[in-house]
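Contents: one structure, followed by commentary.
The values are calculated or read from the model by the stated rules, or taken from the named source; none is laboratory data. Treat the numbers as computed from the prediction; the structure is a model and nothing was measured. Ideal geometry is used to build each Cβ from the backbone, glycine not excepted, and the neighbour counts take in all protein chains shown. The protein model used for the area step is the full one, side chains on, heavy atoms only, and it has no ligands, DNA or RNA in it. Shrake-Rupley method; radii C 1.70, N 1.55, O 1.52, S 1.80 Å.
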Amino acid sequence: MQAKRIFILDGHPAATSLSRSFAEAYAKAARAAGHEVRMAHLSAMEFDADFGQGSFREWKPLEPVLETVMQDLSWSDHFVLAMPMWWGSLPAKLKGLIDRTFLPGTTFDTRVTNSIGMPAPLLTGRSARVIVTSDTPGWFQRLRYRNALIHQLRSQVLGFVGIRPARFTWFAGASQPGEGAVGRWAREVEGLGARAA
């Protein structure tokens, strides 16, 4: 297997979390398999999460931690995001990171559009794995909510900027996992890391 450059973002706003443990398990297995890994923890980042503009004109300069995130994402072949689902979506600080960093000229080009007017993606050539922890069972997420979070991230965020394919791993019952569940989940994540999947 060819070694990959992997950027892992622990997208939980708390310093200690199941998301962080999965990010670190993925990183450890990937490094052991010979992949290059860079990792960032959302909880350690200080930045203004409010985009605060009505348009893309004169946006705020990026804080150094956000510049580093974008450098690591640009460096990578494969992007891994470990995150909880809160209220059917992303934690606010994680959404703020995306709002602040996924900007024209960096992640998409509004000067080049396709036949329906969509801007050209600038992060093509990268794949993604999103590891989601949730209390919502996967079957209920599919039937009742139609996988809204997955559609949002796969199509409207990652796909929009050219990161595809984006594959998802869903761990439900995260607040009160059954006996042995966390260990099984961690082993699954380690397998993904070893394969850079």
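Some values worked out for this structure:
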item	result
Some residue of the range 153-170 being modelled with pLDDT under 95 and over 29 Å from G34 (Cα atoms)	no
Which numbered condition E67 fails, given (1) over 30 Å from E190 (Cβ atoms); (2) under 17 Å from the mean Cα position of the chain (by Cα); (3) in contact (Cβ under 8 Å) with a residue 12 or more places away in the chain	(3)
Matching residues, the range 174-197, being surrounded by 14 or more Cβ atoms within 10 Å (Cβ to Cβ) and assigned to a loop (DSSP other than H, G, I, E, B)	A174, P177, A196, A197
Counted residues, the range 23-36 - those being more than 23 Å from R184 (Cα to Cα) and within 16 Å of the chain's Cα centre (by Cα)	0
Verdict on A128 being small (G, A, S) and either surrounded by 19 or more Cβ atoms within 10 Å (Cβ to Cβ) or part of a helix (DSSP H, G or I) (or both)	yes
Qualifying positions in the range 18-56 - surrounded by 14 or more Cβ atoms within 10 Å (Cβ to Cβ), out of contact with any strand residue (DSSP E or B) (no Cβ under 7 Å at 6 or more places or on another chain) and of a type outside the set (D, E)	S21, A25, K28, A29, A33, S43, M45, F47, A49, F51
Residue that is in contact with a Ser or Thr (Cβ under 8 Å, 6 or more places away or on another chain) and of a type in the set (V, I, T), where the choices are T133, T106	T133
Residue satisfying condition, being over 17 Å from F160 (Cβ atoms), of a type in the set (G, A, S) and open to solvent by 50 Å² or more (accessible area, probe 1.4 Å), within set A82, A92	A92
Which listed residue is over 21 Å from P13 (Cα atoms) and of a type in the set (D, E, K, R), from E67, E58	E58
